[in-house]
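Visitor: I have a structure here, written as structure tokens, and I will follow up with some questions on it.
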Amino acid sequence: MERAEETPRAPSTAPSARVSIWESVRACGVWGKEVDKAELRRQVVMPLYARRAVAAAVKAKDEAVGVAAAAERGEEGEVEVEAAVTPVVVFVNSRSGGRHGPELKVRLHELISEEQVFDLSVVKPSDFINYGLGCLEKLAEQGDNCAETIRKKLRIMVAGGDGTVGWVLGCLTDLYRLKREPVPPTGIIPLGTGNDLARSFGWGGSFPFGWRSAVKRYLSKAATAPTCRLDSWQAVVMMPDGEIKELPYALKKTEPADCLELCQENGTELPEKASCYKGVFYNYLSIGMDAQVAYGFHHLRDEKPYLAQGPVANKLIYAGYSCTQGWFCTPCTASPQLSVRSLVVLNLYNYGSGRHPWGDLKPDYLEKKGFVEAHSDDGLLEIFGLKEGWHASFVMAELIKAKHIAQAAAIKFEMRGGQWNRAYVQMDGEPWKQPLLQEQSTIIEINKVPYPSLMINGEQ
């Protein structure tokens with residue numbers, strides 16, 4: 001497959017985050033009705049034989065089954081094999097968006113086709129990539145020009161929150177490693193609580209009020225909007241022999257040998273008995289009290305799902321749980337150098353439901369600190385700190401800025417236990433409890449993934 005063309009830089013993200021409510025209103029009513037259903041189908045729907053072939057391959061987890069299904073098109077009398085202008089496949093997280101997922105899935109079936117909509121509770125993104133895209137590639141190798149065109153022009157929409165989007169982007173990155181380019185660009189229907197990835201690329205910060213008509217607009221933008229790049233970052237956790245319980249989806253256990261090369265490159269000593277984990281994030285990684293609050297929220301939501309019925313309810317639970325954890329009451333440990341209760345490593349401009357803790361820094365301040373203007377594709381991460389809850393609240397209200405610490409192209413955290421035998425960590429909203437020992441260090445190393453993710457710029 002051919003390499004995707006060079007793409008422009010990520011859009012300026014400050015305006016899109018501040019107008020998310022307006023975007024929710026704008027996406028409904030007459031704006032949704034502007035998109036003609038017949039024209040939309042011509043744009044994004046694959047020919048019947050192709051979408052049935054892809055669906056069959058994914059369901060059977062076998063490319064050959066899809067190829068066989070495609071061969072049956074002549075028997076059923078299908079003569080229309082013209083590829084869509086820009087075919088679009090949609091992944092839906094039915095658990096996101098206050099349980100709007102199932103209703104959204106039905107609406108998508110009405111607008112495009114059942115075969116081009118995949119429920120992530122049933123189909124993993126990796127299954128679609130391995131078998132669905134694999135089926136199209138096999139058909140293209142056999143001289144099917146329509147399948148070849150679909151594979152080259154295919155785009156993906158993800159209906160879910162930041163964690164869901166990250167899951168899909170992580171699977172798509174494997175196409176670079178396997179030399180199966182081009183990699184389909186990704187757009188977003190925001191169904192989560194924070195939706196910072198959606199905000200950053202112009203898809204709005206919340207699920208629209210008039211969502212049934214807005215879905216047509218989302219699909220039309222997915223087919224016609226330009227693409228841009230997003231940096232991806234790999235976090236490697238190396239700890240003394242042991243394991244992380246309740247491992248989040250964002251993190252996977254790996255063999256120590258897989259981490260040995262990275263350790264040698266960075267001059268890190270790998271313990272004789274070590275446990276290693278790897279994960280990729282796109283928005284942020286944080287250590288400290290904010291991760292502890294996220295950990296408690298996730299457990300509460302799993303134990304009492306009836307409480308989490310949408311973004312507003314989720315944010316109220318978050319706020320209440322923050323108070324119960326003492327973030328507003330417990331002072332930071334005094335230090336002449338640094339005094340924070342959360343360290344945040346940020347890739348996007350948006351954090352915590354569209355807030356801008358790094359801020360819009362003036363040129364003279366950037367020069368004084370040795371910083372450069374932050375972008376989501378500049379190869380740099382912004383590191384800042386949050387103190388007690390009052391400081392974090394003022395930062396989130398954008399009354400003050402966070403405590404600026406550094407910008408970096410690679411980061412290494414070294415942690416040891418003391419009064420506490422654990423730390424709380426999260427990546428893109430996926431938290432875990434990290435065991436710590438007093439005698440040996442636990443190390444988290446962050447490095448840029450060599451391949452960028454391709455995003456669809458919904459602002460256009």
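The values are calculated or read from the model by the stated rules, or taken from the named source; none is laboratory data. Only a predicted model underlies this, so the values are computations on that prediction, with no experimental measurement involved. Please note: Cβ atoms are built from the backbone with ideal geometry, for glycine as well, and neighbour counts cover all protein chains shown. Side chains are part of the model used for accessible areas, which takes the heavy atoms of the whole protein and leaves out ligands, DNA and RNA. Shrake-Rupley method; radii C 1.70, N 1.55, O 1.52, S 1.80 Å.
Visitor: Residue by residue through the stretch 383-405, note down the ones that are of a type in the set (A, V, I, L, M, F, W, C) and either in contact with a Pro (Cβ under 6 Å, 6 or more places away or on another chain) or open to solvent by less than 30 Å² (accessible area, probe 1.4 Å) (or both).
Guide: Keep residues of the stretch 383-405 that are of a type in the set (A, V, I, L, M, F, W, C), which gives 383-384, 386, 390, 392, 394-397, 399-400, 402, 405.
Listed by number, the residues that qualify are I383, F384, L386, A392, V395, A402.
Visitor: Kindly provide the set of residues from the stretch 343-373 that are in contact with a Ser or Thr (Cβ under 8 Å, 6 or more places away or on another chain) and not polar (S, T, N, Q), ordered by number. Before you say what the answer is, go through the steps one by one.
Guide: Restricting attention to the stretch 343-373, the residues satisfying the condition of being in contact with a Ser or Thr (Cβ under 8 Å, 6 or more places away or on another chain) are 343-345, 347-350, 353-354.
Across the stretch 343-373, the qualifying residues are L343, V344, V345, L348, Y349, G354.
Visitor: On to the next question. Does the stretch 435-449 include one or more residues that are in contact with a helix residue (DSSP H, G or I) (Cβ under 7 Å, 6 or more places away or on another chain), under 20 Å from C276 (Cβ atoms) and not in a strand (DSSP E or B)? Before the answer, list the steps.
Guide: Going residue by residue through the stretch 435-449, those that are in contact with a helix residue (DSSP H, G or I) (Cβ under 7 Å, 6 or more places away or on another chain) are 445, 449.
Retained after the next criterion (residues that are under 20 Å from C276 (Cβ atoms)): 445, 449.
Now narrow it down to the ones that are not in a strand (DSSP E or B): 449.
Yes: the stretch 435-449 contains one or more residues that are in contact with a helix residue (DSSP H, G or I) (Cβ under 7 Å, 6 or more places away or on another chain), under 20 Å from C276 (Cβ atoms) and not in a strand (DSSP E or B).
Visitor: A further question on this structure: Among the residues that make up the stretch 128-149, is at least one of them among the basic types (K, R) and under 22 Å from the mean Cα position of the chain (by Cα)?
Guide: Step one: filter the stretch 128-149 for residues among the basic types (K, R), giving 138.
With under 22 Å from the mean Cα position of the chain (by Cα) added as a condition, the list becomes none.
So far as the stretch 128-149 goes, no, none of its residues is among the basic types (K, R) and under 22 Å from the mean Cα position of the chain (by Cα).
Visitor: Additional query: Being closer than 20 Å to A294 by Cα and either not basic (K, R) or not assigned by the TED database to the domain that holds G163 (or both), is that true of even one residue in the stretch 401-410? Give the derivation first.
Guide: Of the residues in the stretch 401-410, the ones closer than 20 Å to A294 by Cα are 402.
When the remaining residues are screened for being either not basic (K, R) or not assigned by the TED database to the domain that holds G163 (or both), the result is 402.
Yes - at least one qualifying residue is present in the stretch 401-410.
Visitor: Ok, one more. Filter the stretch 194-216 down to residues that are in a helix (DSSP H, G or I) and open to solvent by less than 20 Å² (accessible area, probe 1.4 Å) and give me whichever is farthest from M455 (Cα to Cα).
Guide: Going through the stretch 194-216, the residues in a helix (DSSP H, G or I) turn out to be 196-200, 211-216.
With the extra rule that they be open to solvent by less than 20 Å² (accessible area, probe 1.4 Å), the set shrinks to 196-200, 214-215.
Values: D196: 13, L197: 10, A198: 10, R199: 12, S200: 10, A214: 20, V215: 18 Å.
My answer is A214.
Visitor: With Q142, Q116 as the choices, which residue is open to solvent by less than 10 Å² (accessible area, probe 1.4 Å) and of a type in the set (S, T, N, Q)?
Guide: Values: Q142 fails: open to solvent by less than 10 Å² (accessible area, probe 1.4 Å).
Exactly one of Q142, Q116 is open to solvent by less than 10 Å² (accessible area, probe 1.4 Å) and of a type in the set (S, T, N, Q), namely Q116.
Visitor: Sticking with this structure for a sec: Looking only at strands (runs of 3 or more DSSP E) that fall completely inside the stretch 319-420, which ones have 3 or more residues that are at pLDDT 75 or above and more than 25 Å from R199 (Cα to Cα)?
Guide: Details: elements: 342-346, 381-386, 403-408, 410-415.
It comes to 410-415.
Visitor: Check off (1) free of Cβ contacts under 8 Å to residues at least 12 places away in the same chain; (2) within 17 Å of Y295 (Cβ to Cβ); (3) of a type in the set (F, W, Y) for F394 and give me the number that stays unchecked.
Guide: With respect to (1) free of Cβ contacts under 8 Å to residues at least 12 places away in the same chain; (2) within 17 Å of Y295 (Cβ to Cβ); (3) of a type in the set (F, W, Y), F394 is out only on (2).
Visitor: Right, something else. What are the residues in the stretch 421-433 that are assigned to a strand (DSSP E or B), open to solvent by 20 Å² or more (accessible area, probe 1.4 Å) and not acidic (D, E), if any?
Guide: Taking the stretch 421-433 first, the residues assigned to a strand (DSSP E or B) are 422-427, 430-433.
Those still in the list that are open to solvent by 20 Å² or more (accessible area, probe 1.4 Å) too: 422, 424, 430, 433.
Answer for the stretch 421-433, where residues must be assigned to a strand (DSSP E or B), open to solvent by 20 Å² or more (accessible area, probe 1.4 Å) and not acidic (D, E): R422, Y424, K433.
Visitor: In addition: Applying the selection to the stretch 120-141, what residues are among the acidic types (D, E) and either touching a helix residue (DSSP H, G or I) at 6+ places or on another chain (Cβ under 6 Å) or closer than 18 Å to V183 by Cβ (or both)? Break it down into steps so the answer makes sense when it comes.
Guide: Step one: of the stretch 120-141, the residues among the acidic types (D, E) are 127, 137, 141.
Matches in the stretch 120-141: D127, E137.
Visitor: Specify which of the listed residues (E80, E23, E75, E103) is at pLDDT below 75, of a type in the set (D, E) and part of a helix (DSSP H, G or I). Walk me through how you get there before you give the answer.
Guide: On the way: E80 fails: part of a helix (DSSP H, G or I); E75 fails: part of a helix (DSSP H, G or I); E103 fails: at pLDDT below 75.
E23 is the lone residue from the list that is at pLDDT below 75, of a type in the set (D, E) and part of a helix (DSSP H, G or I).
Visitor: Still on this structure: Can you run down the residue pairs with Cβ atoms below 9 Å, 6 or more apart or on separate chains, where the first is in the stretch 99-111 and over 15 Å from S121 (Cα atoms) and the partner is open to solvent by 60 Å² or more (accessible area, probe 1.4 Å)?
Guide: Close Cβ pairs (under 9 Å, with a partner that is open to solvent by 60 Å² or more (accessible area, probe 1.4 Å)) amount to R107/R212; L108/E114; E110/K37; L111/K37; L111/R41.
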